[in-house]
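What follows is a single structure, written as structure tokens, with notes after it.
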Amino acid sequence: MKVVNLKDVESIEVTMAGAKNAYRQVPLGKKDGAPNFSFRVFTIHPDGHTPYHSHPFEHLNYVISGKGVLVDGDGGESELTAGEFALVLPDEMHRYRNTSKTEPLVLICAVPREYE
């Protein structure tokens, strides 16, 4: 077993093309011996977003705090606020974007550990 506090996990800037003001933490994953999934936490600061991308597996998201939108493959936007969950299916184009001018958008992203 392992218990970890997010404040003790290194935060690394997302440097993929198309990312802006976004940071990633991995509180639980491969290094911890997780056999199937990794939990990543993304902090997206005001005026920030993740890259517009897709991948061949689903991922499950939970919004810890803040507000933003999940942009889909057609450019549509679904609003997100703290306490909400989102499912992105395999091969769906998507991007998370912070819509607050003052607060970060913080969300958990669970993915297969190979994609950590």
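State whether region 63-116 is rounded, prolate or oblate according to the following rule on the C-alpha gyration tensor (a ≥ b ≥ c being the square roots of its eigenvalues): a/c under 1.5 gives rounded; otherwise a/b larger than b/c gives prolate, and the remaining case gives oblate. Cα axes put region 63-116 in the oblate bin. Distant-in-sequence amide contacts of A82, defined by a placed amide H-H separation under 5 Å and a gap of 5 or more residues or a different chain, comprise G66.
Look at the Cα gyration tensor of region 12-79: its axes a ≥ b ≥ c give a/c of at least 1.5 with a/b over b/c, and that counts as prolate. Of the accessible area of the chain, computed with a 1.4 Å probe over protein heavy atoms only, carbon and sulfur atoms account for 54 percent.
For H55, the residues whose amide H sits under 5 Å from its own are D91, E92, ignoring neighbours fewer than 5 places away on the same chain, with H placed 1.01 Å from N. For K2, the lysines whose Cα falls under 17 Å of its own Cα, not counting residues fewer than eight places away in the same chain, are K30, K31.
Put a dot 7 Å past the Cα of N21, heading toward its Cβ, do the same for V4, and the two dots end up 2.7 nm apart.
Along the axis of the charge dipole computed for the chain (Cβ charges of +1 for Lys and Arg, -1 for Asp and Glu, origin at the Cα centre), the listed residues V69, V9, H53 are led at the positive end by V9. Legend: calculated FRET efficiency, D47 to F85, from the Cβ-Cβ distance at R0 = 30 Å, rounded to 0.05, equals 0.75. Averaging 1/r over every pair of different alpha carbons in the chain and inverting the result gives a Kirkwood radius of 14.3 Å. Looking at the chain, the accessible area is 59 square angstrom per residue; that uses a 1.4 Å probe and ignores ligands, DNA and RNA.
The values are calculated or read from the model by the stated rules, or taken from the named source; none is laboratory data. Quantities reported herein were computed from a predicted structural model and do not represent experimental measurements. Heads up, the Cβs are rebuilt from the backbone with ideal geometry, glycines too, and the neighbour counts pull from every protein chain shown. Side chains are part of the model used for accessible areas, which takes the heavy atoms of the whole protein and leaves out ligands, DNA and RNA. Shrake-Rupley method; radii C 1.70, N 1.55, O 1.52, S 1.80 Å.
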